[in-house]
Amino acid sequence: MASNSRDFSDFCLATERLRLVPQSMKYLESTHEYASDRQNMRYMMFLPNDSIEDTKQFLANSEAEWKSQSPRDFQCAILRGDEHIGGVSVTLLDAASNALSGSSNSGDASSISAELGWCLKKSAQGSGCAQEAAAALIQWTNKTFGVTRFTAHCDTENIASWTTMENLGMKRVGRAGGRRNKLAPEEEREEFTYELELSDEWVTLSRFDMKNLPQVVDVVLPLWAPPSDDEAFARLDVEFIVRNNIYQPRLSFQLADKKRSPDNELLSAAFFTLKDGANTARAWLSQNSRDCSDSQKASLEMVKAYLEYMDKKELSFMNADDIKLSLYVSRKRGMGAALLEKLLPRLAAKGYKNLYLWTDCDCNWKWYVNHGYLLVSQEVYAPFSGPGRDYTTFVFKKPLV
C-alpha cells in the first residue's frame, strides 16, 4: 500500500495580515504568555497551562508531529508582523488521514473531515485574526488533503469562539453536556458543535451506486456502440466496456444531485484501480452473451482483446504506489472535472504518486493535454484502423505529489 508520508518543512501560509507557521520551541515564551492566562483560557478544556513545562511539552509534541512521517495534528503559530498572537490548529480525523476509506457516520465519502481549534492572546481578540487564520487553514487543508467537512467545538458561554465559527460560515449542528473545562473539572458544562461543509449544497460525493450503471451506459453509448442494428447487442457491448472499468467499490465514486433531484440524479462517476486490481466483467459478459450470434460474439472478442491490450500497456508504466483512472464520465457539463478535483487530492493524501489512464481518438483525449496530464505513449492500434484512418491510442500520466 502506498505511503501517506509528506514533507511539511517549508510550511507557511500568508494572509492579508498574518502568517501561519509550525508551532515550535521558538515561540515558547509567547505561547506560554497566552496559554497560561487563566481568565482568557477559562472556557478551554486543556488550558490554561499551569507551568512553562506544560507549554514546553505541548511545543515538543507539536514539533514532533510536524516532522513525523504521517502528521495528523497541525498546530500553527499565528504571527501578525513579528508578533506571535496565538495559535490555530487542524486535526485530520480518521477518514481524512485515510482519505479513500470512506469511513464516516454517513458512509459518504464526502464526509472526509477535520477538526479546527484556535486561541488568541487577549490583546489580539476582537480583531478578526482568529477568523482570518482559520479560513486560511481551512483552504490549505482542503487543497492538501481533500478535506470537505470541518468541525469545531466550544463552551456554550464562549461567545467569541462560536461567533468566529459562524463568521467562517459554519453551522451549529449540536449542543451537548458532559464538557469538563480544565479550570472547573468538577463542573459539567455544555458545548456547541459547529460544522462547515465545503461541497456544493446540492452536490453529494459518495461511493458509486451500481443502480446508476444504466445512466453511465447512456452517456457513452453514442460514442462506443458498435455498428449494429441490434440495439440490445449495442447496449450489451457498451455495458461490458463500462463494467471492465469498475473494480473495487471503495475506489468507485459518483457525484449526485441529492437535494434537488428526488432520484439522486447521477452527475458524474469515476472508477479507479490499483496495479493488481481485477474485475468481474468477463464473467458477466460470458453469462449475458449466450444468445448472441456468431458475428456478435466475434465482435465482442475484438473488444475484449483491445481492452486487454490497452490495460496491460498502461499497467506496464505503473508502480505499486501509482493508481489508474479506469473511466470517468459526466452527465452534466463540468461535473466530470468537478469530480476529479474532489478526488485527486484524496489520492495524493493517501500517498499515491501518479495517476495513469488510457484513452483513444474516439474520446476527447485533448482534454487531458489541456489539464496538465503528461503523454507517455501514443500509438496506432492496427485492428481498429482502416484505409485513411489511424485508430490512435494514448496513455497519460498525472503526478499527484
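Scanning the range 226-238 for residues that are open to solvent by less than 40 Å² (accessible area, probe 1.4 Å) and not small (Gly, Ala, Ser) turns up Pro226, Phe233, Leu236, Asp237, Val238. Which one is nearest to Leu198 (Cα to Cα), of the residues in the range 125-148 that are crowded, with 23+ Cβ neighbours inside 10 Å and among the small types (Gly, Ala, Ser)? Restricting to residues being crowded, with 23+ Cβ neighbours inside 10 Å and among the small types (Gly, Ala, Ser), the top hit is Gly146. Within the range 228-250, the set of residues being closer than 28 Å to Glu301 by Cβ and either of a type in the set (D, E, K, R) or out of contact with any helix residue (DSSP H, G or I) (no Cβ under 9 Å at 6 or more places or on another chain) (or both) comprises Asp229, Asp230, Glu231, Ala232, Arg235, Asp237, Glu239, Arg243, Tyr247, Gln248. Scanning the range 131-182 for residues that are in contact (Cβ under 8 Å) with a residue 24 or more places away in the chain, of a type in the set (A, V, I, L, M) and either part of a helix (DSSP H, G or I) or more than 29 Å from Leu347 (Cβ to Cβ) (or both) gives Ala133, Ala134, Ala135, Ala136, Leu137, Ile138, Ala160, Met165. Collect the residues in the range 216-238 that are within 28 Å of the chain's Cα centre (by Cα) and not hydrophobic (A, V, I, L, M, F, W, C), keeping them in residue-number order. The answer is Asp218, and nothing else. Glu166: over 20 Å from Asp37 (Cα atoms), of a type outside the set (Lys, Arg) and open to solvent by 70 Å² or more (accessible area, probe 1.4 Å), yes or no? The answer is yes for Glu166.
Filtering Leu183, Leu223 for residues that are open to solvent by 20 Å² or more (accessible area, probe 1.4 Å), closer than 30 Å to Met45 by Cα and modelled with pLDDT under 95 leaves a single hit, Leu183. Count of the range 40-95 residues, restricted to those that are open to solvent by 10 Å² or more (accessible area, probe 1.4 Å), of a type in the set (Ser, Thr, Tyr) and within 22 Å of Cys154 (Cα to Cα), is 3.
Only one entry in Gln69, Gln23 is polar (S, T, N, Q) and closer than 30 Å to Leu251 by Cβ, namely Gln69. State yes or no: is Leu213 open to solvent by less than 80 Å² (accessible area, probe 1.4 Å), in a helix (DSSP H, G or I) and at pLDDT 90 or above? So Leu213 fits the description; yes. Once the range 9-26 is narrowed to residues that are open to solvent by 30 Å² or more (accessible area, probe 1.4 Å) and of a type in the set (Ser, Thr, Tyr), the residue that is modelled with the highest pLDDT is Thr15. Scanning the range 315-374 for residues that are part of a helix (DSSP H, G or I) and either without any contact (Cβ under 8 Å) to a residue 12 or more places away in the chain or surrounded by fewer than 17 Cβ atoms within 10 Å (Cβ to Cβ) (or both) yields Ala337, Glu341, Lys366, Trp367, Val369, Asn370.
The values are calculated or read from the model by the stated rules, or taken from the named source; none is laboratory data. Because the structure is predicted, anything quoted here is derived from the model rather than measured. Note: ideal-geometry Cβ built from the backbone for every residue, glycine included; neighbour counts use all protein chains shown. Keep in mind that these areas ignore ligands, DNA and RNA; they rest on the heavy atoms of the full protein, side chains included. Shrake-Rupley method; radii C 1.70, N 1.55, O 1.52, S 1.80 Å.
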